[in-house]
Structure formats: C-alpha cells, structure tokens
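These notes concern the structure reproduced below.
The values are calculated or read from the model by the stated rules, or taken from the named source; none is laboratory data. As the structure is a computational prediction, the values presented were derived from the model and not from experiment. Cβ placement follows ideal geometry from the backbone for every residue including glycine, while neighbour counts extend to all protein chains displayed. SASA here: full protein model, heavy atoms, side chains in, ligands and nucleic acids out. Shrake-Rupley method; radii C 1.70, N 1.55, O 1.52, S 1.80 Å.
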Amino acid sequence: MGRDFVFALRQLRTNLRFSVIVVLTLALGIGATTAIFSVVSGVLLRGLPFPEPERIVSLQTIEYERAEGDSKEANPGSITVVSFPDFFDWRQQSKSFEVVASYSYGTTRKFTPPGNGTSQIVAAEYVSGDFFRALGVTPLLGRDFTPEDEHDANRPIILDHRFWVTELHSAPDIVGKQINISDRVATVVGVLPADFSFPGLNTLPSFWGAFMQGSVSSANPSGMPQKDFVSKYSRRNERTTQVIGRLRRGVSVAQARAEMNAIQRSLAAQYPEDRNAFAVDVRPLLEYVSSDYRKPLYLLLGAVTAVLLIACANVAGLLLARGFARRHEFSVRVALGAKPVQIVRQVLIESTLLALCGGAVGVALAFVLLKTVVVLAPANLPRINHVQIDGTVLAFAFVVSLVTGILFGVFPAWKAAGSDASGMWRAGRGISGGRSEHRLRAIFVVAETAISLALVGGSGLLIGSFAETMRVPPGFDSHHVLIFRLGMSFVEFPNDTARLFFRQLFPQLAAIPGVEAVTSAYPVPFSYTNSSRFAIAGKPNDPNDLPSSNRATVGPNFFETLRIPLLKGRTFDVRDDWNAKRVAIVNQEFARAFFPNEDPIGKSIQPDFGEFGENPTWYEIVGVVAGIRGPDLTMPPEPGFFVPYEQATISPQGVMVRVSGDPQAYVNSVRSIVDGLHRDVPIFAVQSMDENIHDSMTSDRFEVALLSCFAGAALLLAAVGLYAALSEMVARRTFEIGLRVALGAQRGNVFGLVVKRGLVLAVMGLVVGLGGFAILGRVVADMLYGVRAFEPTVVAIACAVMMVVAFVASAAPAWRAAGLEPTETLREE
C-alpha cells in the first residue's frame, strides 16, 4: 500500500496537466455540493442551540371547515396558530410538558436612548413568562421571566446582548434600570447571552417583553393601551400567537400529541368558538421552523449532487482514456506477475488521491460559494446567518471525496485489471480500445446528457414559473410609489392627535415638487394581510362563528394614489371624517363571496374592532373596487374591505407617496418634513412599492438562481465530457481516419462522421433524460405557477439547448479529424 501510494503521487506529478484537469473538475462538483450541504446542515439538520433541543416542540391548532364527523381524509384541516385562551388552557391542563410557552410574530417599537437621544425603531418580541425556561436559556445578567411578569405593570423586559452592548454601552448595572419604549417606561430584568438566537424570526429582537394579560396586549403591533383583556385576544377563534413546549423526559412527541388532541377536543366541546378546531399539531420545533424550506433545500442538494455525478462521469471517462494510454504499462505488470487485485488497488489509490485533492480544493471553493449563497438567500430562511462550514460539513466533504474517488475509479480499475501480457506487444495510436470500453465511454456521455437535460429542464420550469409570476399584475400601479412607516406611539399620539398629525403631514408631502399623490394604509399592500371578523346587517350572525375577511384601514386618496379601479359607487373623500356616518368600501371578491347576486352598495357590515376597545359600529358600503393581490403574486385576490382612517383610528399607518421620478430621490425631502412636524417621530421601512413586491419573490429568486447555476454547470461539464470522448475517439482512430481520407473520403464526410457520433450520443441522452425531467417536474409541480410540470415549450427549449451544446462540443474534434493529413497518419506505424 505504501509503495502504491508513493507511485500514485509520482503519477500525479508526472502527469501534472491531467491531474490538474481532474482535480479542478472534481473541485467544482465537490465544492458546490459542500456549500449546499452546509446550508442544509445549518438550516435543517443541525440541532437547535438549546439544551436537549429534541424535547422542544411546536404546538399549533388544526382547524376544520366542516363538522367533526366529516371524514379526515376528505377534510384534512389546516394548521394555524393558537388563541390565547386555548394557550392558557393547554398550559394549565397538559401533563406531557415541563413548560408550555407562547410568543408572537415579532413587532417594532420606538426606543428613546437615555439622555434624550434620537429615537429609533427597534425589533421586539413578546413572550409568556416561561418562554426562556422552555428553551433552557439562562440570562447572562439578571433573571428570567416568570408567569407573574404577565401581570406586572412595570413592563419587564429582557435585553438582547447586541442591543445591550451597542445602545446601552454594556452597562453592568442595567438590571433594574428603566428605559423608554414607545414612550412608556419598561424595567430591565435581564440580559441574554451573546450567542442566543431564536429560529424562525426574520429579525433579531432588540429586547423581549412579557406580554401583559391586563393593560397592554403584546399582540397589538402598535402597543396601544387596552381597556381590558376582553378583546380579540381573549376569543378562542382569534388565533394570534405561537406556542412551544418542552417535553418531560421519557414523553414522546406521539404521546404529547395524543394528550393535546384530547385536551383540544374537550375545549371544542365546551366552547362554540372552538367547535371546528378540535385537534393540535405537535412536532419538533426544528421541523416546524424549517418546514417551508425543507423541500426547496433538498431539491437544491439533489441538483448539486447531480452535478457531482456528471463530474464523476467526466473523470471516469478521462481515467478510461488514460488507462488505454497506460495499457503497455499494465501489460508489463501482468507479465511480471502482478495480480488483477494489485492493479485494481493501484488504480483506485490513484483515483482516490485525485478525489481527495479535488475535495481539498473544493472545500476552499465552498467557502467562496457559501458566501454567495448566503447573499442570495431570502431573509426569512431560518438560521441562515449561522450557516457555516464546520466539522460536520468537513466530514461530509471528506466522505464525498472518498466515495467520489471510488465511484469514478472503479470502472477504469476494472478495465485495467483485464490487461494481459499480449498488450505489451501492441502499441501505436492506430489501435483503438475494445468494444466494452467504447460502450462505457458512451454510457458516461449518455448519463451526463440525461442528467443535464433534467437539470436544464427543471431550471427552465422554475424560470418559466418565475417569469409568469412577475407578469401577474398586482391589481394596482406599483411604479413610482415610495412607502415608509412612522414611529408614532399611542402614548404621544392618541387618536385625535394622530388624525391631526396626518392632516398636517399629507398636504406638506403633496407640496414637494414631483409628488403626484399621498395616502396611507395599514397594512401596506404586499407587506402582510390583516383579517377581521364582521357581521352583515340583515343576515344571521352567529357571534361564535362570524365570517372573516382581509381588512385595511386607509387614508384619503388611497385608491386614486395606487390607481385601483373603482367598479361601483364612490371612494373615500374629505366628507368621511370622524363625525360623519361610518362607511366602508369592499373589493369585488368580497361582494361575490358575501353578497352573491346582490348589489352590496347600501348594505352594512359591522367590523370587529373589539381588540382596540372600540364599540361595535355599522359601516355602510359605499363602493366596490377591483381586488388586489398580495403578499403572494401567485395567489388570487382575497375578499377584503376598507375603512377610512379618520373613522377607524385603530392602527399605525404606512404612508405611500406617488412621485414622477425615482422614489428614492424623495427620501430626504420626506425625512425633513416629518422632522419639521415632530423631531421624535422616526421613519423606517423606507422603500419603493416595486421593491416591496420584489422582496416578496426573494424565495423564488433564490431557488431559480441556484438551480440555474447548477444546470449551467451540468451543461458545461456534459459538453466537456462529450468533447473529451470524441477527442479521444479521434486520437485513437487517427490511422483509420487517415486511411479513409487516403482512399478518397471527403473532409466533409469525416467531419460529419465525428459530429454524427456526438449527436447520436446526445439524442440517446435526451431520450433517457426526458424520463428524469418528467420525475423532476412532478417533484417541483407544487412550486410552479402558470407552467405545467411537463411543459412542452420548456421540453423543446431544453432539448434544443442540449443539441446545440452537443454540436458545439462535437465540432472541435470533428474539425481536427477532418484536418488530418493522410501522409502523416499512415507513416505512423
């Protein structure tokens, strides 16, 4: 073994050009595979950074549209978040968990630094008292939350370590101090460790607060005071929070699921609001936070593995050719008594050494590729900031390199082991390899072409789907619109003051040269949706099962600013102020769903604003507008209604400014006007509406970009493989080709002979690859929009691309063959 290893090193040095080509080919495949595996490992496989993470589970409600007696197969139910009353009952009744805790989706708050510094917007998260205990996390300073903190009027908070360092200068005596959050005093009770992070949150919170069961509801993104906790957060059919639990030792996920289902069935029997929510989804927290990206990441790993297989096939072909060149050497070894197993061992050691060198270069390449992947990755990809090439990834790269070396070396080793002593008497370029060797080279080329077609076709499907999605009109004119949000707390801006502020702000913004219109909305289109239950006048309304719809609170000129078509009635105007009759506008989807075959104009609805302390009020429908999409272009517009901000001052407003030029050019003017009205109102989330829509497609772009890169790499490697195979064929058949030319064959015939060989192999690969493309199409079918899983146009384009690449790869060796001089080739022997 030692002598074989030394000899293999000598072979690498002696055939340096060949070794470099093989190492670089393998480095591309191994490097790309390692980079993608590091993402898969970091996002999907690596345990959460908490003690005994396998015991931490996510709990969610399963809602059914029909009655409990319906078949589960026909009515699988939909998984959704949890209501606060259900959470409180789960926490009290469950025995399978040491701790059950809740957290919200994350929100923003205004932070005013000590010493009257400039206010800024920071991310915040509100949790129940036992949240950090459920995770097994102990604060670096101070203490953890307790259930009693849910009733503490001092508003206890725990600081993130980074926020403590950057904004509070690592003050060692910070515990017990009070800071200004949204113009209210909050008491710091702890500081988290520097390495703490919670998966599934798009933005790392600056602080964590204990949600208040009394005067303030954390689920309210504005932090608005509540009259009581008798609000939508105390209703079982208003599901607004996430729930996690830590299993007791010895309790399995299945056992916890059975207990939680029993508890929820009991609650559904007791409370009419829960009658269609009688099951609970219990699964590991890691599985829950990564579920949306599990399939796309495994798809990318499969694609990059296919690229590695093509690289292996290429190198195997090169080694077969090199084995033919070394046939005299192998024959001499056999003549001197070498056994086949010794020759196999020598060739496998050489191939493994090449693979390990390729793996070493590939790991270096993986560091570069990983940085690119992280930049392309969507912001909501969980744990992406913690993805790295660690010991697990390096072990994976080593194993892949080892297996790769054996994989591409086994066929050349098998061929070399078949050498006999007679080969030492045959030499010369005119002698071609055996039929089995030609067949192996052809199989490699066909396999490469087939895999490349599947990847090119798959990327074509995703590209086509992405293009179709981008062509979908959002339902309004998104161009030349600047959007931003204002950090206005309800302490400093109660309802009357807030309305007055916007009445002053809008005319000043409209006076900026180039501004065409100004309005506001909550939520801003393509940010997220906000739903509300409502009653319909003149129709039966079960208070425990009211219908729900998307709801938006909008400023004046909203529909005109976004150019949303008015289909019937009128839009809001200056008459619709606080003292006027309450009015609403619905979209055409709302009209079809709740007023079929009726004219909704003049009908009344009663939105449920109870969570804001508002008394039930009837709103008369005065207009019908076209539906708008969002935040997903692939989803059709959903039923929704709009109420004027002047009449429902219940939510923070995002401001939208339509301009005549580049929206970003107006940012400074907007900031100066807001500062002039109130210096302590920061603006944030500043971007154009086009950027807002563009951001909603980040995940799709990530998948399309990476799969297209892998398809391009596969295409390149397949072309190189075909080129190498045909070049080797020309080299081995030089004498035969020269003889053909000497006997009268035209150079065009020689060119056609070689090209035909390449195209025949390509066609065979396309036939095989169509099966792989069909399978891949089924895998990605649920990721497509406007494109069929076996789209004929995509199939035709992919096949045409492959044939063009095959022709180009075949043309160079064919041209070289056609240029051979018969006098030189025939003199060779």
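Take the eigenvalues of the Cα gyration tensor for the chain, scale each by 5, and report the square roots as semi-axes in whole Å, largest first.
Semi-axes, largest first: 64, 32, 26 Å.
Which whole-number percent of Cα pairs in region 448-578 have a distance greater than 17 Å?
75 percent
With 29 Å as the limit, write out which pairs from LYS110/LYS177; LYS110/LYS371; LYS110/LYS568 have Cα-Cα distances beyond it, or answer none.
As for pairs spanning more than 29 Å Cα to Cα, those are LYS110/LYS371; LYS110/LYS568.
Quick one: which of 648-658, 629-639, 505-515 comes out on top by average Cβ neighbours within 10 Å, and what's the full order, highest first?
648-658, 629-639, 505-515
With θ set to phi - 60° and the Karplus curve 6.51 cos²θ - 1.76 cosθ + 1.60, what are the ³J(HN,Hα) couplings of region 618-624 in order, to the nearest whole Hz, using x for Gly and Pro?
Per-residue couplings from phi come out as 8, 10, 7, 6, 10, x, 10 Hz.
LYS539: which aspartates and glutamates have alpha carbons under 18 Å from its alpha carbon, excluding same-chain residues fewer than 8 sequence positions away?
GLU598, ASP599, ASP608, GLU620
Could you work out Rg/(2.2 N^0.38 Å) for region 631-736, with Rg from alpha carbons only?
Values: Rg = 27.7 Å, N = 106, 2.2 N^0.38 = 12.9 Å.
Here the Cα radius of gyration is 2.14 times the empirical estimate.
Could I get the Rg over Rh figure for region 240-294? Both from C-alpha atoms, Rh via Kirkwood, rounded to two places.
1.03
Using the membrane-span-like helix rule (whole DSSP H runs, Cα extent along the own axis of at least 30 Å, mean Kyte-Doolittle hydropathy at least 0.0), which helices of the chain qualify?
Long hydrophobic helices here: 16-40, 291-325, 340-376, 391-417, 435-470, 698-732, 747-779, 792-818.
Would you rank THR61, THR138, THR240 by solvent-accessible area, highest first, keeping every protein chain in place and using a 1.4 Å probe? Intermediate results must be reported in sequence, preceding the final value.
On the way: THR61 0, THR138 105, THR240 25 Å².
Largest accessible area first, the list is THR138, THR240, THR61.
Rounded to the nearest 500 deg cm²/dmol, what is the calculated helix-only ellipticity per residue at 222 nm for the chain, with -39500 (n - 2.57) per DSSP H run of length n ≥ 4?
Mean residue ellipticity at 222 nm (helix-derived): -15500 deg cm²/dmol.
Using modelled backbone amide H atoms (1.01 Å from N, in-plane), which distant-in-sequence or interchain residues come within less than 5 Å of TRP618's amide H?
When sequence neighbours closer than 5 places are left aside, there are no close amide H contacts.
If you add up the charges near PRO682, with Lys and Arg at +1 and Asp and Glu at -1, over every other residue whose beta carbon is less than 10 angstrom from its beta carbon, what do you get?
+2
Which net charge results for the neighbourhood of ARG46, defined as the other residues with beta-carbon distances under 10 angstrom from its beta-carbon, given Lys and Arg at +1 and Asp and Glu at -1?
Numbers: positive: ARG383; negative: ASP390.
Every neighbour counted, the sum reads 0.
For LYS295, which aspartates and glutamates qualify as cross-link partners when the Cα separation must be under 20 Å and same-chain residues fewer than eight apart are set aside?
In chain and number order, the partners are ASP281, GLU287, ASP632, ASP700, GLU703, ASP782.
Short version: ³J(HN,Hα) in whole Hz for each residue of region 133-143, in order, from phi by Karplus 6.51 cos²θ - 1.76 cosθ + 1.60 (θ = phi - 60°), x for Gly and Pro, what are they?
Per residue, the Karplus-derived 3J(HN,Hα) values read 5, 5, 7, x, 9, 10, x, 5, 10, x, 10 Hz.
Two decimals is fine: what's Rg over Rh for region 629-677, C-alpha atoms, Kirkwood radius as Rh?
1.08
Probe radius 1.4 Å, ligands and nucleic acids left out: which of LYS110, LYS581, LYS603 has the largest accessible area, and how do the rest follow?
The ranking, largest first, comes out as LYS581, LYS603, LYS110.
Sorting LEU381, LEU407, LEU369, LEU299 by accessible area (1.4 Å probe), largest first, what list results?
LEU407, LEU369, LEU299, LEU381
Could you tell me, in Å, what Rg and Dmax come out for the Cα atoms of region 1-150?
Rg, Dmax (Cα atoms, Å): 27.5, 77.
How long is the gain from LEU45 to ASP4 if the chain were fully straight, where each residue apart is worth 0.36 nm and the alpha carbon distance is subtracted?
Result: 10.9 nm gained on full extension.
Could you give me the percent of Cα pairs per 10 Å distance bin for region 562-640, shortest bin first, beginning at zero and ending with the bin that holds the maximum distance?
17, 44, 34, 5, 0
Give me the net charge of PRO525's neighbourhood, meaning all other residues with Cβ under 15 Å from the Cβ of PRO525; Lys, Arg count +1, Asp, Glu -1.
Numbers: positive: ARG485, ARG551, ARG563, ARG629, ARG658; negative: ASP477, GLU560, GLU589, ASP632, GLU638, ASP690, GLU691, ASP695.
Once all neighbours under 15 Å are counted, the net charge is -3.
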